[in-house]
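I have placed the structure first, in the form of structure tokens, so that the comments after it can refer back to it.
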Amino acid sequence: MPRVRARAVPERPRPPPHPVRPAAALRPLLVAVLALAFGAAAAQPRVADDGTIRYRVEPGDTLIGLGARLLDPPTRWRDVQALNRIRVPSRLAPGTELRIDPAWLRGEPSELTLDAVGGSATLDGAPATAGARGRESSRVETGADGVVVVRLRDGTTLTIPPASAVRFERLRQYLGTDSIEAGIGIERGAVETRSAPGRARGLQIRTPAATAAVRGTDFRVRSSGPESAIEVLAGLVGASGPGGRAELPAGRGAIAAIDRPPRVESLLPGPALDGLPARVESPAATLRFAPVEGAGAYRVRVA
């Protein structure tokens, strides 16, 4: 038996065992996969000081590939080629930066959050609660005693007062920016909007009679059948509709109708509140102030 084993083994010697060889063979592949993963994560657009989007070219990038991944429509890669004066779209030097117009970027659906809910209100037909999240096409409705404060991802807030119904028709966030493009339709009632100035994307509030478009301001829109009222507290609002268009600076408002141009007027000043107490602790109190000439009603906010 020893003799048979001695004769057989030398004829076909086995290679020495290497228990770590499979792991060693996989290590270069694993490193390559990790490098690709980190490279893809790092290759994200950023906003430059001049407002354009900058993209740092990674190995393997082509303009056609970037168009399919970042641009809307993908054929916008030709505009990127012209803007950056690139002769061969399939040859991009890794490490160089491409300039991209923000208007060319592809948008992704964004979310909204209910910051506060008071009284009766619904989100997409279900009872609204603080912290609930909505999406593009979500509908917020308030009852006769309801108030909802909605916050978008870029910090824009919308206060929806009682007896209102509002649909978030468009909520888009764009690669490389925090700004949200929002399109909001008022089915009935009103919306008060606060948005930081200088937003890269527009905010539109639509009623049957007019559309208010801004890029950051503080304003209110009310819809009552064939007429809509727009009141600008800060910034500049462009109001347009079937009846015409008007530019509204702070302190001005407009009554818009379907069949006639917007009627622009100065907003009335708020009433003087100097005589009111700074703090009210009684559960029932009467607060008196001097009336404002020309005012038909007053908007009161109590906190």
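The values are calculated or read from the model by the stated rules, or taken from the named source; none is laboratory data. Remember, predicted model here, so these are calculated numbers, not experimental data. With ideal geometry, Cβ positions are generated from the backbone for all residues, glycine too; neighbour counts draw on all protein chains shown. Note: accessible area is taken over every heavy atom of the protein model, side chains too, but ligands, DNA and RNA are not part of it. Shrake-Rupley method; radii C 1.70, N 1.55, O 1.52, S 1.80 Å.
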Item checked: Criterion (touching a Gly at 6+ places or on another chain (Cβ under 7 Å), of a type outside the set (A, V, I, L, M) and at pLDDT below 95) met by exactly one of ARG69, ARG76 -> ARG76
Next item on the list: Scan (1) modelled with pLDDT of 90 or more; (2) farther than 25 Å from SER179 by Cβ; (3) in contact with a Phe, Trp or Tyr (Cβ under 9 Å, 6 or more places away or on another chain) for the single condition GLU97 breaks and write down its number.
Entry: (2)
Check: When you go through (1) assigned to a strand (DSSP E or B); (2) surrounded by fewer than 22 Cβ atoms within 10 Å (Cβ to Cβ) one by one for VAL232, which number turns out not to apply?
Finding: (2)
Check: Can you tell me which residues in region 49-90 are in contact (Cβ under 8 Å) with a residue 24 or more places away in the chain, assigned to a loop (DSSP other than H, G, I, E, B) and closer than 12 Å to ASP101 by Cβ?
Finding: GLY51, THR52, ASP72
Notebook entry, point to check: Which condition breaks for ALA144 when tested against (1) under 16 Å from ARG188 (Cβ atoms); (2) modelled with pLDDT under 95?
Noted result: (2)
Checklist line | The one condition in (1) among the small types (Gly, Ala, Ser); (2) within 23 Å of ALA196 (Cα to Cα); (3) part of a loop (DSSP other than H, G, I, E, B) that ALA103 fails to fulfil | finding: (3)
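Scan region 248-259 residue by residue and report those that are closer than 30 Å to GLY216 by Cβ and without any contact (Cβ under 8 Å) to a residue 40 or more places away in the chain. Can you show your working first?
First, the residues of region 248-259 that are closer than 30 Å to GLY216 by Cβ: 248-258.
Listed by number, the residues that qualify are LEU248, PRO249, ALA250, GLY251, ARG252, GLY253, ILE255.
Within region 218-228, track down each residue that is under 15 Å from PRO261 (Cβ atoms) and in a strand (DSSP E or B). Talk me through it step by step, then tell me what you get.
Filtering region 218-228 for residues under 15 Å from PRO261 (Cβ atoms) gives 226-228.
Within region 218-228, GLU227, SER228 qualify.
May I ask you to verify whether ALA239 is touching a residue at least 40 places away in the same chain (Cβ under 8 Å), of a type in the set (A, V, I, L, M, F, W, C) and open to solvent by less than 30 Å² (accessible area, probe 1.4 Å)? Walk me through it before giving the result.
On the way: touching a residue at least 40 places away in the same chain (Cβ under 8 Å): no; of a type in the set (A, V, I, L, M, F, W, C): yes; open to solvent by less than 30 Å² (accessible area, probe 1.4 Å): yes.
No; evaluated as a whole, the condition is false for this residue.
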Note to self: Tell me the residue from VAL300, VAL221 that is closer than 20 Å to LEU158 by Cβ and exposed (fewer than 11 other Cβ atoms within 10 Å of the Cβ), please.
What the structure shows: VAL300
Margin query: Just to confirm my filter: which strands (runs of 3 or more DSSP E) fall fully inside region 109-212 and include at least 3 residues that are open to solvent by 30 Å² or more (accessible area, probe 1.4 Å)?
Written below: 111-118, 147-152, 165-174, 180-194
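This table checks each residue for (1) surrounded by 11 or more Cβ atoms within 10 Å (Cβ to Cβ); (2) out of contact with any helix residue (DSSP H, G or I) (no Cβ under 6 Å at 6 or more places or on another chain); (3) without any contact (Cβ under 8 Å) to a residue 24 or more places away in the chain; (4) more than 29 Å from ILE230 (Cβ to Cβ).
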residue: PRO261; (1), (2), (3), (4): yes, yes, yes, no
residue: ASP274; (1), (2), (3), (4): no, yes, yes, yes
residue: ALA284; (1), (2), (3), (4): no, yes, yes, yes
residue: ALA295; (1), (2), (3), (4): yes, yes, no, no
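So which of ASP50, ASP61 is surrounded by 15 or more Cβ atoms within 10 Å (Cβ to Cβ), of a type in the set (D, E, K, R) and at pLDDT 50 or above? Don't jump to the end; show me each part of the working.
On the way: ASP50 fails: surrounded by 15 or more Cβ atoms within 10 Å (Cβ to Cβ).
None of the others qualify; the one that does is ASP61.
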Note to self: If I ask for residues that are out of contact with any Pro (no Cβ under 9 Å at 6 or more places or on another chain) and either β-branched (Val, Ile, Thr) or not in a strand (DSSP E or B) (or both), which ones from region 252-264 would you list?
What the structure shows: VAL264
